[in-house]
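Trainee: Dropping a structure here in structure tokens format, bear with me for questions.
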Amino acid sequence: MIDRRQALIGTFAAGVATAAGAQTASPRVKDAAIPGLPDPTETIDLWPAGAPGMPKVPPVEIVDERSTDGQLPDRAVRGIVRPRMVVFRPAIPNGSALLVTPGGGYARVVVDKEGYEVARWLSARGWTVFVLFYRLPGDGWAAGPDVALSDAQRAMRLIRSRARDYGIMPDRVGAMGFSAGGHVCCDLATRHATPTYTAVDQADRWSARPDIAAPIYAVQAMTQPLAHAGSRALLIGEAASPALEAAHTPANHVTAQTPPCFLAHAEDDATVDVGNTLAFRAALKTAGVPVETHLFTHGGHGFGLRRTAGKPVEAWLGLFHAWAQSRGLG
């Protein structure tokens with residue numbers, strides 16, 4: 001552990017990562033970025049010798065641009081073979097960090113609307129944000145349904161191990177996830193101590209438990225009728241047994257060690273049933289875990305930031321920021 005003054009002094013002014021050697025670039029499409037807001041260039045590879053459990057036929061990383069608006073990119077990456085974090089450093093760190101796991105139905109990982117846009121908003125308010133591009137369970141990795149959790153656990157440990165370099169406190173590191181990335185976030189919050197990989201270096205001595213967690217319109221249940229069919233099929237298979245469904249439904253793993261949670265969901269979400277959030281909230285309440293819950297009448301699915309203008313759901317990120325401050329972060 002390091003004292004607060006050392007952490008805040010750190011080496012953030014240098015603006016460089018401490019890991020030796022070249023890191024894998026952030027996912028990108030040529031010339032696809034918001035004008036005036038260049039993509040971040042600092043990345044951290046999770047696994048120094050390559051990700052464990054490589055499939056016999058490794059996936060090929062492809063970045064798709066799904067937007068038809070040249071002023072508003074909407075990229076998504078699939079076939080991730082080198083999982084990594086993209087770093088958003090604030091001008092003046094407030095001492096808190098957030099690991100962000102974007103959605104994508106476990107078929108892809110969204111880059112912009114649930115990654116970079118949220119990261120820019122939070123880093124402007126002092127947060128150091130790490131957007132995680134995690135491996136996908138349908139690509140044949142040895143860890144199977146736990147592969148994204150492995151990446152999230154490793155990411156949390158790396159962040160804490162490098163706290164001094166980023167001007168953050170190792171006891172002020174949260175997690176936020178969206179949709180299927182919300183399942184990763186719930187999984188991390190409830191199964192942070194579950195061994196899913198063999199330790200590779202000193203960073204793995206650190207805890208993977210987030211100090212707070214914020215699953216946003218999260219996929220959570222793997223049982224019907226609440227399960228999101230696409231995410232479920234890619235995570236555990238269409239013919240998964242009831243035991244496998246239960247094993248990968250985070251509400252079943254909530255304990256007193258689950259961190260305080262912030263939940264947000266739109267009740268008119270036609271993609272991921274709001275019952276996912278309600279079931280997770282009920283499990284948190286039963287376990288005595290502090291939980292802040294915001295349900296919005298309108299907002300649909302995948303609202304992020306760009307689809308909230310003029311709607312009550314526009315307030316969600318500000319509500320999270322205020323709640324996080326009440327918990328001693330931000």
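The values are calculated or read from the model by the stated rules, or taken from the named source; none is laboratory data. Small disclaimer: the values here were computed from a predicted structure and weren't measured. When we count neighbours, we look across all protein chains shown, and the Cβ atoms used for this are built from the backbone with ideal geometry, even at glycine.
Trainee: Looking at Gly144, is it more than 18 Å from Thr43 (Cα to Cα), buried (at least 23 other Cβ atoms within 10 Å of the Cβ), at pLDDT 95 or above and not aliphatic (A, V, I, L, M)?
Mentor: no
Trainee: For residues in segment 193-211 being among the charged types (D, E, K, R) and outside any helix (DSSP H, G or I), which is farthest from Pro290 (Cα to Cα)?
Mentor: We begin by selecting, within segment 193-211, every residue among the charged types (D, E, K, R); these are 201, 204-205, 209, 211.
Checking the rest, the ones that are also outside any helix (DSSP H, G or I) come to 201, 209, 211.
Details: Asp201: 33, Arg209: 15, Asp211: 12 Å.
Per the criteria, the residue is Asp201.
Trainee: Let me ask something else about it. Filter segment 294-330 down to residues that are within 16 Å of Ala213 (Cβ to Cβ) and assigned to a loop (DSSP other than H, G, I, E, B) and give me whichever is modelled with the lowest pLDDT.
Mentor: Ranking the qualifying residues of segment 294-330, first place goes to Gly330.
Trainee: Then there's this: Restricting attention to segment 163-171, does a residue exist that is out of contact with any Lys or Arg (no Cβ under 9 Å at 6 or more places or on another chain), closer than 30 Å to Asp64 by Cβ and modelled with pLDDT of 95 or more?
Mentor: Checked against the condition, which is being out of contact with any Lys or Arg (no Cβ under 9 Å at 6 or more places or on another chain), closer than 30 Å to Asp64 by Cβ and modelled with pLDDT of 95 or more, segment 163-171 yields no hits at all.
Trainee: Next question, about the same structure. Among the residues of segment 184-235, count how many are without any contact (Cβ under 8 Å) to a residue 60 or more places away in the chain and aromatic (Phe, Trp, Tyr).
Mentor: The qualifying residues number 1.
Okay, residues lined up against (1) within 27 Å of Arg164 (Cβ to Cβ); (2) in contact with a Pro (Cβ under 6 Å, 6 or more places away or on another chain); (3) without any contact (Cβ under 8 Å) to a residue 40 or more places away in the chain:
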{"site": "Leu37", "(1), (2), (3)": "no, no, no"}
{"site": "Ile44", "(1), (2), (3)": "yes, no, no"}
{"site": "Val63", "(1), (2), (3)": "no, yes, no"}
{"site": "Gly105", "(1), (2), (3)": "no, no, no"}
{"site": "Val111", "(1), (2), (3)": "no, yes, no"}
{"site": "Glu117", "(1), (2), (3)": "no, no, no"}
{"site": "Ala124", "(1), (2), (3)": "yes, no, yes"}
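Trainee: Could you list all residues from segment 268-306 that are exposed (fewer than 15 other Cβ atoms within 10 Å of the Cβ) and free of Cβ contacts under 8 Å to residues at least 24 places away in the same chain?
Mentor: If the condition is that a residue be exposed (fewer than 15 other Cβ atoms within 10 Å of the Cβ) and free of Cβ contacts under 8 Å to residues at least 24 places away in the same chain, then Lys285 is the only one that fits.
Trainee: Further, regarding this structure: Of all strands (runs of 3 or more DSSP E) completely enclosed by segment 23-106, which ones contain at least 1 residues that are at pLDDT below 95 and either of a type in the set (Lys, Arg) or in contact with a Gly (Cβ under 7 Å, 6 or more places away or on another chain) (or both)?
Mentor: Details: elements: 43-45, 62-65, 75-78, 84-88, 97-101.
Once the strands (runs of 3 or more DSSP E) in segment 23-106 are filtered for at least 1 residues that are at pLDDT below 95 and either of a type in the set (Lys, Arg) or in contact with a Gly (Cβ under 7 Å, 6 or more places away or on another chain) (or both), what remains is 75-78.
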